[in-house]
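The values are calculated or read from the model by the stated rules, or taken from the named source; none is laboratory data. Since the model is a prediction, treat every value here as computed from it, not as a measurement. Quick reminder, even Gly has a Cβ in these numbers, built from the backbone with ideal geometry, and neighbours come from all protein chains shown. Ligands, DNA and RNA are stripped out before the accessible areas are found, and what is left, the full protein with its side chains, is counted by its heavy atoms. Shrake-Rupley method; radii C 1.70, N 1.55, O 1.52, S 1.80 Å.
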Amino acid sequence: MNQPRIAIVGAGISGIGMGVALQRAGFTDFTLYEKAADYGGTWRDNTYPGLVCDVPSRYYQFTFAMNPEWTQLYSTGPEIQGYLAGVARGHGLDRRTEFGTEVIGADFRDEGWLVTTSTGAVERFDFVIFATGFLHHPNRPDIAGLDDFAGPVMHSARWDHEVDLTGKRVGVIGTGSTGTQLVSALAGQVPKVVMFQRTPQWILPTVNKPYRALTKRLYRRVPALSRLAYQVNRGFFAAFSQGLVHQGRIRSLIQWVVARNLRSVEDPELRRKLTPDYQAMCKRLVVSDRFYTAVQRPDVELVTDGIDKVRPDGVVTADGVLHELDILVLATGFDSHAYMRPMPVTGAGGRTLNQEWANGPRAFEGVMLPDFPNLFMLVGPHSPFANHPLTAVAEAQSSRIVGWLERWQAGEFATVAPTRAATDRYNARMRAAAPGTVWTTGCQSWYLGKDGLPELWPWSPSRYEKLIRRTPDSVDYQLDPRVMSRK
Ligand SMILES: Cc1cc2nc3c(=O)[nH]c(=O)nc-3n(C[C@H](O)[C@H](O)[C@H](O)COP(=O)(O)OP(=O)(O)OC[C@H]3O[C@@H](n4cnc5c(N)ncnc54)[C@H](O)[C@@H]3O)c2cc1C
């Protein structure tokens, strides 16, 4: 069988899952490029105190590598990182992975891709698959004087473990999942934590419990239990996602639960400050078993006045108050619309990715782009990712990609790309459905694009999985059959 040459860019969940899927389907000629020194992506880069996944471990895992050894209901960052590296190495991906190699450019030429790396090499591939993630490039806020701060300033995704927290007053800027996890973990460990809040968050309560040795033994002995737990979680998340995309009982129920949870904050003034003025889930819902306890501690201060500037000795808020600090942590998120950029990617006829995405990232079914033949993305634009585990999405998308590679191998085409008409129709349908979702109910969030509409799949994740797992309809694609002359 003719083996296509394939480049995968990125060795996080998506890239690892893709690599394993290729191997299982018999594709042997692929290179996995990873700019860092290890597997794991998000879970390698983020090592801040308190990092915990908000999807249960038994669901946030690959279906082909169910892990009976999870130590608790919601895993910590290091545990997930260990799992991902173990899966990659256990499946022999090491021999196909080039660590420390950043892909710095990709050009479509003569039915294939010229991939340029940071080592200076230029390699030709038949297909390129971007698994570069969307929460990867840290956002550094534009705050006057930030560079003048005398102490360490760390983005949460670049935690410096050399920094000694002992006896230090720590400021945390940001209130999303990361900010709340950080404050919860630091409270009581340092003399003072100051949380700078621009927007309060709704918090979904949960309980994170460790698994007993007996439970692990049981899951080891009876692998069907892992599959069952996966399906149970899947059902739960499917129900939850109804609340995201439809106004109805589930949305109301979640609103009731988070409002009730907020009542555990005793001081009415603090409760008022923590009360959002938008619906639950409009922003990514924060899941926490300890934030409200932490924020009520006397050594934790919630500051709601806007930040005016940073001085060497602390942060000055709009009311003129100086909050003296020794360490500043930026829990300010990521440039979630960058995807594989700033890398220059040039498709057919010299069309660049920046031109293609001038009005925001758009794709066909989340995985392909018109005018960019033989290019695939994992967890690309409008994939279902709000509070939904990306492991399931990436696995489903990998199966679609494998399907195309098999058709290439069967000689059906040399290059494939969705037509512009199909892509436009697809995006128009999604944008028409967006107003029915909770993300358009009146909040600012990183989900929203330039036109104020969410850059998310506006229906249930199971509908997406069904779509992406079906055989694609050839009328939506331009298939170039020149492969016959190459053989
Ligand atoms: C702090 C944090 C917490 C999160 N918590 C949750 C959670 O609780 N639940 C949940 O469902 N999701 C969560 N997410 C989302 C999470 O990012 C995804 O679930 C998942 O890890 C994404 O995997 P990925 O492989 O698609 O991308 P990433 O994990 O971002 O991996 C991309 C990889 O590509 C590499 N790369 C990028 N560009 C290049 C290049 N040019 N050349 C070579 N290599 C490159 C990167 O180094 C990285 O290793 C969280 C994200 C963050 C940042």
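Across segment 296-409, Cα pairs under 8 Å and at least six residues apart give a relative contact order of 12 percent.
Computed over all pairs of different Cα atoms, the Kirkwood value for the hydrodynamic radius of segment 1-118 is 15.3 Å.
The charge dipole of the chain, taken about its Cα centre with unit charges on the Cβ of Lys, Arg, Asp and Glu (plus for the first two, minus for the last two), comes to roughly 1940 debye. In terms of accessible area, using a 1.4 Å probe and ignoring ligands and nucleic acids, HIS161, HIS337 rank largest first as HIS161, HIS337.
The apolar share of the surface of segment 358-487, taken as the fraction of accessible area on carbon and sulfur atoms (1.4 Å probe, ligands and nucleic acids excluded), comes to 54 percent.
Rounded, prolate or oblate: which fits segment 36-179, taking a ≥ b ≥ c as square roots of the Cα gyration tensor eigenvalues, rounded meaning a/c under 1.5, else prolate when a/b beats b/c?
Oblate, since a/c reaches 1.5 and b/c is not below a/b.
Relative contact order of the chain, taken over Cα pairs closer than 8 Å and 6 or more residues apart, is 20 percent.
From the phi angles alone, apply the Karplus equation (6.51, -1.76, 1.60; θ = phi - 60°) to segment 376-384 and give each ³J(HN,Hα) in whole Hz, x where the residue is Gly or Pro. Once θ is set to phi - 60°, the couplings for segment 376-384 become 10, 10, 10, 6, x, x, 6, 6, x Hz.
Short-range pairs are left out: with C-alpha atoms under 8 Å and at least six residues apart, the relative contact order of segment 1-149 is 32 percent. Checking the a/c ratio against 1.5 first, then a/b against b/c, what shape does the Cα gyration tensor give for segment 408-486? Here segment 408-486 falls in the prolate category. Would you please classify the overall shape of segment 219-274 from the alpha carbon gyration tensor, given that a ≥ b ≥ c denote the square roots of the eigenvalues, rounded means a/c under 1.5, and beyond that prolate means a/b larger than b/c while oblate covers the rest? Oblate shape, in that a/c is at least 1.5 and b/c is the bigger or equal ratio. Here's how it looks for GLU301: its modeled amide H is under 5 Å from those of VAL193, VAL194, MET195, which are all 5 or more places away or on a different chain. Think of segment 27-151 as having a plus end and a minus end, set by charges on the Cβ of Lys, Arg, Asp and Glu; of LEU73, THR28, CYS53, LEU73 sits farthest toward the positive end of this dipole.
Each semi-axis of the equivalent ellipsoid for the chain is √(5λ) with λ an eigenvalue of the Cα gyration tensor; in descending order they amount to 39, 25, 24 Å.
For the chain, the tally of Lys pairs with Cα-Cα distances below 27 Å comes to 11, considering only residues 8 or more apart or on different chains.
If both residues of a DSSP beta bridge must be in the chain, then about 45% of such bridges are antiparallel. Shown for the chain are the DSSP H helices of 24 Å or more along their axis, judged by Cα atoms, with a mean Kyte-Doolittle hydropathy of at least -1.0: 223-245, 390-409. Annotation for segment 82-137: chymotrypsin sites (Phe, Trp or Tyr not before Pro) lying in DSSP loop with at most 16 further Cβ atoms inside 10 Å of their Cβ are PHE99.
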